[in-house]
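A.B. asks: Pasting a structure below so you can have a look.
The values are calculated or read from the model by the stated rules, or taken from the named source; none is laboratory data. Everything quoted here is computed from the prediction, not taken from an experiment. Every residue, glycine among them, receives a Cβ derived from its backbone with ideal geometry; neighbour counts consider all protein chains shown.
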């Protein structure tokens, strides 16, 4: 537990720096070729949300998913964002207040340790599962947090294969900056706890979105 706690503190400290506006903007351009909003939108679409739905945004960061989620669930819906970086949450709070989104709740915490009192129609995690120390626990918690009819979607990056491998040194450097472990088998971990799993490659295969439903006993 001591090692896990130190890992969480290490990631939190890194993202308290990355979460500053200037750093976050640079990361978005360098890591996503300026296409981060499009990638986020693809992940949100995988949730199949409707007006009035409730959605959990895991590792919500500065709130990059919220505008996409707002369009999907509308003002009658409910959005809960969770992150353990105070700097990231401060950025998300400023965004939510500036836009006047009254149906958004932001919570500081570690999803791998949280129990949720409500069930969600959609559970989302973008560009964070490769960073979260107890990532397999986080995926299991996401599955438990969803309604039986709900959907889970995870967007993340990975190393390229084939001719695209020439870009891997750059991808590894970027992963180091954001404390990401791109060797994790996130789709495999999802298949262990989800059903109807689908996987879509994005940006030439350097990103993917995996989605599914909670497995009903």
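A.B. asks: Pairs, please: C-beta under 9 Å, at least 6 apart or cross-chain, first residue on the phi > 0 side of the Ramachandran plot and in region 176-190, second at pLDDT below 90 and crowded, with 18+ Cβ neighbours inside 10 Å?
C.D. replies: Once the first residue is on the phi > 0 side of the Ramachandran plot and sits in region 176-190, its partners that are at pLDDT below 90 and crowded, with 18+ Cβ neighbours inside 10 Å give 179/11; 179/15; 179/18; 179/131.
A.B. asks: Can I ask one more? Tell me, please, whether a residue that is in contact with a strand residue (DSSP E or B) (Cβ under 6 Å, 6 or more places away or on another chain), under 25 Å from residue 191 (Cα atoms) and assigned to a helix (DSSP H, G or I) can be found in region 91-107.
C.D. replies: no
A.B. asks: Within region 45-67, work out how many residues are over 22 Å from residue 140 (Cβ atoms), within 13 Å of the chain's Cα centre (by Cα) and modelled with pLDDT of 95 or more.
C.D. replies: Result for region 45-67: 1.
A.B. asks: Of all residues in region 110-129, how many are at pLDDT 90 or above, surrounded by fewer than 17 Cβ atoms within 10 Å (Cβ to Cβ) and either within 14 Å of the chain's Cα centre (by Cα) or farther than 19 Å from residue 194 by Cβ (or both)?
C.D. replies: The total comes to 0.
A.B. asks: Could I ask something else about it? Based on this model, can you work out whether residue 76 counts as crowded, with 21+ Cβ neighbours inside 10 Å and either out of contact with any helix residue (DSSP H, G or I) (no Cβ under 7 Å at 6 or more places or on another chain) or in contact (Cβ under 8 Å) with a residue 12 or more places away in the chain (or both)?
C.D. replies: On the way: crowded, with 21+ Cβ neighbours inside 10 Å: no; either out of contact with any helix residue (DSSP H, G or I) (no Cβ under 7 Å at 6 or more places or on another chain) or in contact (Cβ under 8 Å) with a residue 12 or more places away in the chain (or both): yes.
Spelling it out, it is not the case that residue 76 is crowded, with 21+ Cβ neighbours inside 10 Å and either out of contact with any helix residue (DSSP H, G or I) (no Cβ under 7 Å at 6 or more places or on another chain) or in contact (Cβ under 8 Å) with a residue 12 or more places away in the chain (or both).
A.B. asks: Would you confirm whether any residue within region 88-99 is out of contact with any helix residue (DSSP H, G or I) (no Cβ under 9 Å at 6 or more places or on another chain), crowded, with 21+ Cβ neighbours inside 10 Å and farther than 24 Å from residue 158 by Cα?
C.D. replies: Yes, that holds for at least one residue.
A.B. asks: Shifting gears a bit: Can you tell me how many residues within region 130-152 are outside any helix (DSSP H, G or I) and in contact with a helix residue (DSSP H, G or I) (Cβ under 8 Å, 6 or more places away or on another chain)?
C.D. replies: 6
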